[in-house]
Amino acid sequence: FRDLDTATEQLTQNAKLVASDLGYSDSFGTSVSLSGAVGLVGATRERNIGGNGNGSAYVFRDLDTATGTLTENAKLVPSDPGYDDMFGTSVSLAGAMGLVGASQENNYYGSAYLFRGLDTATGTITENVKLVASDGQYFDKFGTSVSLAGTVGLVGAIQEEVNNGSAYLFRGLDTATGTITENVKLVASDGAI
């Protein structure tokens with residue numbers, strides 16, 4: 001939908017976004033993010049390996065002028081997909097970078113994946129950086145929520161510390177490589193189960 005700042009009545013969409021490989025029960029649209037004219041859409045049950053619903057995310061560009069039904073410019077997948085990872089649980093865009101959460105990756109520890117160059121990416125691509133918690137444990141669900149602003153990322157883990165939950169801050173994502181852990185862990189002063 002465009003021109004929402006001046007809309008005064010019920011609208012119909014300017015364009016419909018669909019995955020080129022959409023399948024039964026893919027959950028396309030689980031999460032969405034928009035930055036300028038670029039959109040990112042998560043599909044947590046998409047089967048990108050061996051029929052298992054580990055998830056994908058899809059990049060759509062030129063949404064400021066798009067009409068009709070569109071398919072993606074690029075498909076994002078993790079380099080280490082596993083059964084029921086829920087990759088695409090959360091997504092966030094900032095410029096040409098995207099952050100995708102996989103809340104059930106590695107036996108529910110969870111992780112997040114950073115992708116750069118989304119302004120020109122095509123085809124199927126894997127991450128530039130994998131983000132994990134330095135103190136990750138079973139069932140933390142790190143990656144349930146993600147946010148990206150400039151070169152800084154924030155990742156939520158809703159069940160960390162025996163269901164108290166916490167968030168993890170990552171800096172320098174424009175140059176980071178490999179698997180990295182947080183710069184800062186954020187917790188509530190009055191956290192409780």
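The values are calculated or read from the model by the stated rules, or taken from the named source; none is laboratory data. On a predicted model such as this, the values are computed, not experimentally measured, just so you know. Methodologically, a virtual Cβ is constructed for each residue, glycine included, from the backbone with ideal geometry; neighbour enumeration extends over all protein chains shown. The area values use the complete protein model at the heavy-atom level, side chains included, leaving out ligands, DNA and RNA. Shrake-Rupley method; radii C 1.70, N 1.55, O 1.52, S 1.80 Å.
Residues that are within 27 Å of residue 151 (Cβ to Cβ) and in contact with a Cys (Cβ under 8 Å, 6 or more places away or on another chain): find the strands (runs of 3 or more DSSP E) completely inside the stretch 26-126 holding 1 or more of those.
none
Quick check: anything in the stretch 10-25 out of contact with any Ser or Thr (no Cβ under 8 Å at 6 or more places or on another chain) and either open to solvent by less than 10 Å² (accessible area, probe 1.4 Å) or under 30 Å from residue 165 (Cβ atoms) (or both)?
Checking the stretch 10-25: at least one residue is out of contact with any Ser or Thr (no Cβ under 8 Å at 6 or more places or on another chain) and either open to solvent by less than 10 Å² (accessible area, probe 1.4 Å) or under 30 Å from residue 165 (Cβ atoms) (or both).
Going through 101, 95, 68, 88 one at a time, which residue ends up being over 15 Å from the mean Cα position of the chain (by Cα) and either of a type outside the set (D, E, K, R) or closer than 21 Å to residue 119 by Cβ (or both)?
68
Applying the selection to the stretch 97-114, what residues are free of Cβ contacts under 8 Å to residues at least 40 places away in the same chain and open to solvent by less than 40 Å² (accessible area, probe 1.4 Å)?
Within the stretch 97-114, 104, 105, 111, 113 meet the criteria.
Count, please, the residues in the stretch 138-186 that happen to be more than 18 Å from residue 102 (Cβ to Cβ), outside any strand (DSSP E or B), at pLDDT 95 or above and touching a Gly at 6+ places or on another chain (Cβ under 9 Å).
Going through the stretch 138-186 one residue at a time, the tally reaches 5.
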